[in-house]
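All of the numbers you see were taken from the coordinates with simple rules; none came from a lab. A quick note: this is a predicted structure, and the numbers were derived from the prediction, not measured. Using ideal geometry, Cβ is built from the backbone for each residue, glycine included, and neighbour counts are taken over all protein chains shown.
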Amino acid sequence: MSNYFPFFYQLPTLHTERMTLRKVNKSDLDSFIEATLSLQSEKTKVVEDDCTRFINHLLKCYDKGRPAPWGVIESKSNRLIGVCGFVHWSPLQASAELGYHLVESYWNAGIMTEVLKCLIDYSFMELGLKRIEAKCQIGNIASKRVLNKVGMKKSGTYSTYVWSSSKYEHLEYFRLDQSEYMRRVWRNPQQIKVMRK
């Protein structure tokens with residue numbers, strides 16, 4: 001099956017209370033480097049190169065219609081501070097996997113919870129997905145807390161490893177089905193947060 005999907009050629013722009021979700025572009029590079037390095041005393045070539053490679057990778061994915069995330073833009077500063085979106089896409093199963101990253105200086109402010117709620121609403125209400133999945137390292141307590149806050153439940157721990165902090169870690173898998181999401185919406189329809197440009 002082809003890995004190219006028309007949806008990813010032109011991601012729609014979405015809005016939350018504090019953030020704008022849109023396609024990343026080349027002009028975001030400087031602000032992304034600045035945000036990434038905000039906790040360091042000076043710029044480093046390694047971080048600049050990593051940010052450049054990451055931005056270029058996203059642009060190639062957009063151009064080829066491959067699954068790629070939205071840029072998370074701080075609305076008041078127009079600064080790229082992270083990404084969030086679909087990293088795997090299965091149209092036959094009407095399911096997708098969400099991935100996300102937020103630069104460290106913006107942690108613990110509820111930003112990723114806010115963004116994920118918006119994307120989950122969009123996924124079920126507008127795209128008609130039946131299931132959303134996500135995974136994180138077993139030791140990443142903060143990420144698991146975010147996934148629980150947006151209604152995703154642990155579906156298992158599998159013998160899949162990632163290399164992190166000089167060691168291998170298991171991955172935990174989370175999911176949210178459309179049926180469970182809709183039950184919550186029926187109980188509280190005011191929770192839907194999708195705002196399109």
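Couple of notes before you dig in:
- Within the range 60-94, backbone nitrogen closer than 19 Å to the virtual label 7 Å beyond the Cα of E48 toward Cβ: 80
- Relative contact order for the range 6-191, counting Cα pairs under 8 Å that sit 6 or more residues apart, in percent: 17 percent
- Seen from a random direction on average, the alpha-carbon convex hull of the range 1-151 projects onto 9.5 square nanometres.
- When restricted to Cα atoms, the range 1-90 yields an Rg and a Dmax of 13.8, 47 Å, respectively.
- Over 21 Å apart at the Cα level, from the set K23/K130; K130/K154; K26/K64; K76/K153; K45/K135, are K23/K130; K76/K153; K45/K135.
- Subtracting the Cα-Cα distance of K130 and W107 from their residue separation scaled by 0.36 nm leaves 5.3 nm.
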